[in-house]
Amino acid sequence: MNFYAIRAIYMFEMARTFRTIVQSIVSPVISTCLYFVVFGTAIGSRIQQVEDVPYGTFIVPGLIMLSVLMQSMTNASFGIYFPKFMGTIYELLSAPVSAFEVVIAYVGAAATKALMIGLIILATAHLFVPIKILHPVWMLSFLVLTCVSFALFGFIIGIWAKNFEQLNLIPMLIITPLVFLGGSFYSISMLPPLWQKITLFNPVVYLISGFRWSFFGTADVAVAISLSAIAGFMLVCMGIVWWIFKTGYRLKS
Amino acid sequence: MAPIVSIRDLRKSYADGGEALKGVSLDIEEGEIIALLGPNGAGKTTLISTICGITYASSGSVSVGGYDITNDYRKTRAMIGLVPQEITLESFQKVKDSLHFSRGLFNKPRDEALVDQLLKKLSLWDKRDARNMTLSGGMRRRVMIGKALSHQPRILFLDEPTAGVDVELRKDMWDIVSELRKDGVTIILTTHYIEEAEAIADRVGVINGGEMLLVEDKDTLMQRMGAKTMRIDLQQPITEIPAALASYDLRLDDGGAALFYTYDTRSERTGITRLLTDLNNAGLGLRDVQTSQSSLEDIFVDLVKG
């Protein structure tokens with residue numbers, strides 16, 4: 001194992017995070033506060049409790065997931081896309097590093113950053129509404145799993161993307177709708193029966209449901225199914241990454 | 001001694017049918033400096049990129065230090081430092097951090113002293129805490145070299161190291177190369193500048209259209225070009241070479257207005273002084289004398305066009 005390389009890339013990526021601290025950390029926190037003001041206070045005061053939880057508290061897990069998903073994905077995709085765009089990728093390709101090490105470093109850094117943001121948002125939310133976490137260990141596990149699997153997914157997007165438009169395409173056009181329709185702000189049981197069925201095809205539902213369970217002990221779908229859905233998604237991403245490095249897809253000709 | 005880099009029948013073709021390398025074979029000895037000359041698109045960069053792991057070969061094999069570049073890529077790449085043609089640096093990274101980063105990528109522990117020493121040698125010491133994007137083109141080129149040397153490679157690839165570089169940096173570059181050579185580093189450089197090959201290389205390879213046209217010791221090559229021609233313009237045209245000058249290898253041309261004398265610059269006596277005296281004795285008035293040498297450039301152009 002080339003540990004020095006993993007550390008070098010990881011530290012470089014983390015330095016990028018801290019260099020752009022406003023964009024990286026402050027802006028997701030501000031947007032989360034806005035969500036609380038709008039949904040929690042303005043609208044939330046008119047909404048009854050959802051599953052015995054006050055609405056303001058109910059949306060906390062969904063809001064954290066929303067940010068964590070987007071952050072882990074965009075960080076990893078930018079992390080690997082940028083060297084490709086700038087041309088500095090030559091050094092990575094000519095260095096004695098394996099694909100595995102490269103992925104650990106980039107995905108690890110993106111996941112770390114997303115995890116940090118997730119925890120900061122949790123702390124921020126705590127200032128607005130009372131939060132009690134029933135299963136803290138599970139909460140953290142769900143968070144870490146989500147960070148890692150979506151960082152992997154972002155890594156794939158970053159390698160696939162040929163330009164900045166493509167880089168933003170999937171997060172904007174696919175992931176954002178999936179997250180908003182995945183129950184960030186509502187419980188699936190609030191939907192009409194047909195939509196409840198359709199929603200089950202949305203993978204994000206399982207993430208948010210499982211994560212919410214770790215807070216309140218209630219879930220839209222069984223926790224075991226949530227867990228296997230995330231694990232399955234992660235395995236698929238790993239498979240694609242393995243294939244990318246085996247074939248050199250969009251990295252080497 | 002086994003060659004440190006051994007390239008065997010290396011081919012690289014693209015999906016559209018284009019061939020960048022058409023079966024290149026080359027052995028590079030440890031400690032030598034070899035210059036690859038060739039026009040744009042000759043395949044120089046493709047050759048280097050393949051050895052360094054940036055592109056795949058279509059067929060053929062390359063071994064570095066006795067290891068295959070595909071199966072033992074960790075061992076081969078660890079020996080190699082690469083300075084690519086294009087200057088690509090992380091804009092926001094500081095100069096010093098760039099070198100540390102590269103060293104880490106090549107699985108070497110952090111070494112402040114070594115990086116400091118490199119920065120000083122490359123005249124980057126004053127800029128060590130500057131971000132890469134604030135540097136001039138020449139400075140960036142130095143950073144690229146620093147990155148390539150940060151893990152103390154045994155083999156250094158310099159792809160067009162002095163293209164678009166000012167005179168001072170070029171001279172510095174040559175100094176760095178000769179210093180590295182003293183440390184036993186093998187250097188492979190591609191260049192457009194024939195004078196560069198003449199100045200620093202031990203061997204010269206000429207590559208064009210994906211083929212290695214010639215690989216020869218620079219001295220052998222220079223010997224081939226050692227012949228020099230002197231053109232002597234006469235005041236009055238003559239119809240034939242006077243008998244008194246028959247012992248010289250002279251050729252009469254330009255309607256009898258000019259004599260051409262071919263001699264070897266390396267021989268102890270070029271015979272020029274004696275010839276001029278004899279010309280004078282034969283009563284031939286000289287209008288002008290000029291000499292010309294077939295340069296590496298001429299040979300190069302001949303090879304590439306032929």
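Hey, any hits in the range B:31-47 for a residue that's farther than 28 Å from B:K182 by Cβ and within 13 Å of chain A (Cβ to nearest Cβ)?
yes
Being within 21 Å of B:V177 (Cβ to Cβ) and within 14 Å of chain A (Cβ to nearest Cβ), is that true of even one residue in the range B:127-134?
No.
If you check every pair at least six apart or on different chains, which have Cβ atoms under 7 Å apart with a residue in the range A:104-129 that is in a loop (DSSP other than H, G, I, E, B) first and a residue that is among the β-branched types (V, I, T) second?
Pairs found: A:V129/A:T57; A:V129/A:V60.
From B:V177, B:V167, B:V143, which residue is without any contact (Cβ under 8 Å) to a residue 12 or more places away in the chain, aliphatic (A, V, I, L, M), more than 10 Å from chain A (Cβ to nearest Cβ) and closer than 27 Å to B:N40 by Cβ?
Exactly one residue qualifies, and that residue is B:V167.
May I ask you to list the residues in the range B:12-48 that are farther than 21 Å from B:E196 by Cβ and either out of contact with any strand residue (DSSP E or B) (no Cβ under 6 Å at 6 or more places or on another chain) or not assigned by TED's automatic domain parsing to the domain that holds B:V215 (or both)?
Listed by number, the residues that qualify are B:Y14, B:A15, B:D16, B:G17, B:G18.
Being part of a loop (DSSP other than H, G, I, E, B), farther than 24 Å from B:K22 by Cα and open to solvent by less than 30 Å² (accessible area, probe 1.4 Å) is the filter here, so list the residues in the range B:73-89 that pass it.
B:T88, B:L89
For the range B:50-67: of the residues being more than 7 Å from chain A (Cβ to nearest Cβ) and open to solvent by less than 20 Å² (accessible area, probe 1.4 Å), which is nearest to A:K246 (Cα to Cα)?
In this case the residue turns out to be B:T50.
Kindly indicate which of A:A111, A:A105, A:A76, A:A125 is small (G, A, S) and farther than 21 Å from A:G154 by Cβ.
Values: A:A111 fails: farther than 21 Å from A:G154 by Cβ; A:A105 fails: farther than 21 Å from A:G154 by Cβ; A:A76 fails: farther than 21 Å from A:G154 by Cβ.
Residue meeting the stated conditions: A:A125.
Which of the residues belonging to the range A:76-130 are crowded, with 23+ Cβ neighbours inside 10 Å, within 14 Å of chain B (Cβ to nearest Cβ) and among the polar types (S, T, N, Q)?
Scanning the range A:76-130 gives a single hit, A:S94.
Search the range A:189-216 for residues that are among the charged types (D, E, K, R) and pair each with any residue that is outside any helix (DSSP H, G or I) when their beta-carbon atoms are under 7 Å apart and the residues are at least 6 apart or on different chains.
A:R212/A:A219
Please pick out the residue among B:T134, B:T70 that is surrounded by fewer than 22 Cβ atoms within 10 Å (Cβ to Cβ), over 30 Å from B:K22 (Cα atoms) and among the hydroxyl-bearing types (S, T, Y).
On inspection, the qualifying residue turns out to be B:T134.
For the condition open to solvent by 20 Å² or more (accessible area, probe 1.4 Å), away from chain B (no Cβ under 14 Å) and in contact with a helix residue (DSSP H, G or I) (Cβ under 8 Å, 6 or more places away or on another chain), what is the one hit in A:V29, A:V68?
Working: A:V68 fails: open to solvent by 20 Å² or more (accessible area, probe 1.4 Å).
The unique qualifying residue is A:V29.
Quick grid of which residues meet (1) modelled with pLDDT under 95; (2) assigned to a helix (DSSP H, G or I):
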| residue | (1), (2) |
| --- | --- |
| B:V62 | no, no |
| B:S91 | yes, no |
| B:F101 | no, yes |
| B:G104 | no, yes |
| B:K108 | no, no |
| B:L114 | no, yes |
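The values are calculated or read from the model by the stated rules, or taken from the named source; none is laboratory data. Just so you know, these numbers come straight off a predicted model, no measurement behind them. Positions of Cβ are generated from backbone atoms using ideal geometry, with glycine treated the same way; all protein chains shown enter the neighbour counts. Only protein heavy atoms, including side chains, enter the accessible area calculation; ligands, DNA and RNA are left aside. Shrake-Rupley method; radii C 1.70, N 1.55, O 1.52, S 1.80 Å.
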